[in-house]
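Peer 1: Before I ask anything, let me first share the structure, which is written out below as structure tokens.
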Amino acid sequence: MIVGDPQAAEDGDRQTQLLRGALDMCLLALLASEPAHGYELVRRVEETGIGAVGYGTIYPLLTRMRRLGLVADRQQASPTGPPRKVYELTTAGRARLDAWQQQWTRFTGIVDAILSQRESDTTPARS
Amino acid sequence: MDTIDSALAQADRAWRKYGVGGADRAALAADLRCDLRAAEADGFGPAQLLGPDIPAFARRLADEAGVARVPAESGRLIGIALAGAAAGGGIGLALLTTMYPMLIRLADRPRSLGLPVQVAVVAYYGLPALVVVTAAVVAVRVLLPDVPRIRETGRAMAVLLPLAGILVTPLTMAFAWSTGYSTAPQVLIIEIALVVGALTGATALARRWALRERHRLVEAASV
């Protein structure tokens, strides 16, 4: 039986949890910079280095954001095959992204402050 | 999973099992097909995109799409319907035992009374059958009050269970006749299996009917 590295597994789980709370915002941000079709968005997410996120995760999220009116899709002709469905941000999506970004900045600022405090508490005082 | 069609067929089965209505299933599948076809033209097959667990993907997609769903709950429904029918069968048997001497007396009456023998036969078999159907319907209505569309399911069962009984009775009798009315255990098991199969099929069909009616109403309301 092959036993994996428990630390690596825990890190992976932690990363997945962190990603879960931020992935929709990241998708909105990526679409804000340029509209994309579903699997192209998968590639873009991978390129950011945020972690491996499959189409099976991104496509349902896009569907939810479309339902909420944050993104809209339009058909785009393709030279290589059938028309593609390209997703782009709506006005509501931009407003939501701005709000989420502010919230995220506040939140990470607080977390950073807590972690910095801990570092300063554990650093031995120089004589 | 070789093709888009087989991937979508798997997804459709998962959606159906998850209680997603026909129109929603069609809309989800059409959207997904469009994306998968475009991806395939760029060299990405459905297996690469959706991964090995298509049912899980399909359920997640249905959740995120916010589609209304009514779980079929067929397993629980059929189990309770059969238990109810079995209890009804016991009561029906007791009724038959009680009724038998009474029917004999009725049949022995002078012909001038004009009681057709068919009436006695219908009463003899019909009353216990009625008890079985009633017990099955009452069981699912009483024991599964939390299941959506259970009232409509009960109504559909009240229609389909007697029909199933009408179909399976001659079939079972023909089988019994073909074995010389043997009471060998394996023969009896087959006869019971025929009846249970008919009840199961009718109950599953009733549930499907009730849900289809519900999805039709939802779709009409959303137009």
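Peer 1: Taking interchain pairs and intrachain pairs at least six residues apart, which have beta carbon atoms under 9 angstrom, with the first residue in region A:8-34 and small (Gly, Ala, Ser) and the second at pLDDT below 85?
Peer 2: Once the first residue is small (Gly, Ala, Ser) and sits in region A:8-34, its partners that are at pLDDT below 85 give A:Gly12/A:Gly51; A:Ala22/A:Ile50.
Peer 1: Could you list, in sequence order, the residues of region B:164-192 that are of a type outside the set (Asp, Glu) and open to solvent by less than 60 Å² (accessible area, probe 1.4 Å)?
Peer 2: B:Ala164, B:Gly165, B:Val168, B:Thr172, B:Ala174, B:Phe175, B:Ala176, B:Thr179, B:Gly180, B:Ser182, B:Ala184, B:Val187
Peer 1: Within region A:71-102, work out how many residues are more than 16 Å from the chain's Cα centre (by Cα) and hydrophobic (A, V, I, L, M, F, W, C). Working first, answer last.
Peer 2: Residues of region A:71-102 more than 16 Å from the chain's Cα centre (by Cα): A:72-86, A:90-92, A:95.
If we keep only those that are hydrophobic (A, V, I, L, M, F, W, C) too, we end up with A:72, A:77, A:86, A:92, A:95.
Going through region A:71-102 one residue at a time, the tally reaches 5.
Peer 1: Hey, another quick one. What number of residues within region A:38-52 are open to solvent by 10 Å² or more (accessible area, probe 1.4 Å), within 12 Å of chain B (Cβ to nearest Cβ) and not charged (D, E, K, R)?
Peer 2: 3
Residues checked against (1) open to solvent by 30 Å² or more (accessible area, probe 1.4 Å); (2) facing chain B (nearest Cβ under 10 Å):
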| position | (1), (2) |
| --- | --- |
| A:Thr57 | yes, yes |
| A:Arg66 | yes, yes |
| A:Thr80 | yes, yes |
| A:Pro83 | yes, yes |
| A:Val86 | no, yes |
| A:Leu89 | no, no |
| A:Arg94 | yes, no |
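Peer 1: May I pose another question? Within the group A:Ala99, A:Ala95, which residue is modelled with pLDDT of 95 or more, out of contact with any strand residue (DSSP E or B) (no Cβ under 9 Å at 6 or more places or on another chain) and within 27 Å of B:Asp31 (Cβ to Cβ)?
Peer 2: Exactly one of A:Ala99, A:Ala95 is modelled with pLDDT of 95 or more, out of contact with any strand residue (DSSP E or B) (no Cβ under 9 Å at 6 or more places or on another chain) and within 27 Å of B:Asp31 (Cβ to Cβ), namely A:Ala95.
Peer 1: Test of understanding: among A:Leu70, A:Leu115, A:Leu62, which residue is of a type in the set (A, V, I, L, M, F, W, C), more than 10 Å from chain B (Cβ to nearest Cβ) and under 15 Å from A:Ala32 (Cβ atoms)?
Peer 2: Among A:Leu70, A:Leu115, A:Leu62, only A:Leu70 is of a type in the set (A, V, I, L, M, F, W, C), more than 10 Å from chain B (Cβ to nearest Cβ) and under 15 Å from A:Ala32 (Cβ atoms).
Peer 1: Let me ask something else about it. Based on this model, can you work out whether A:Thr57 counts as of a type in the set (Val, Ile, Thr), over 18 Å from A:Leu97 (Cα atoms) and in a helix (DSSP H, G or I)?
Peer 2: Here the answer is yes, as A:Thr57 does meet what is asked.
Peer 1: Additional query: Could you go through region A:24-34 and let me know if any residue there is surrounded by 15 or more Cβ atoms within 10 Å (Cβ to Cβ) and assigned to a loop (DSSP other than H, G, I, E, B).
Peer 2: No: region A:24-34 contains no residue that is surrounded by 15 or more Cβ atoms within 10 Å (Cβ to Cβ) and assigned to a loop (DSSP other than H, G, I, E, B).
Peer 1: Same structure again: Got a sec? Which of B:Ala41, B:Ala9, B:Ala47 is over 28 Å from A:Gly69 (Cβ atoms) and in contact with a Gly (Cβ under 6 Å, 6 or more places away or on another chain)?
Peer 2: It is B:Ala41.
Peer 1: Exactly one condition in (1) at pLDDT below 90; (2) farther than 18 Å from B:Val195 by Cβ is not met by B:Leu127; state its number.
Peer 2: Condition (2) is where B:Leu127 drops out.
The values are calculated or read from the model by the stated rules, or taken from the named source; none is laboratory data. What you see is a predicted model, and the numbers here were worked out from it, not measured in a lab. Every residue, glycine among them, receives a Cβ derived from its backbone with ideal geometry; neighbour counts consider all protein chains shown. Heavy atoms of the whole protein, side chains included, go into the accessibility calculation; ligands, DNA and RNA do not. Shrake-Rupley method; radii C 1.70, N 1.55, O 1.52, S 1.80 Å.
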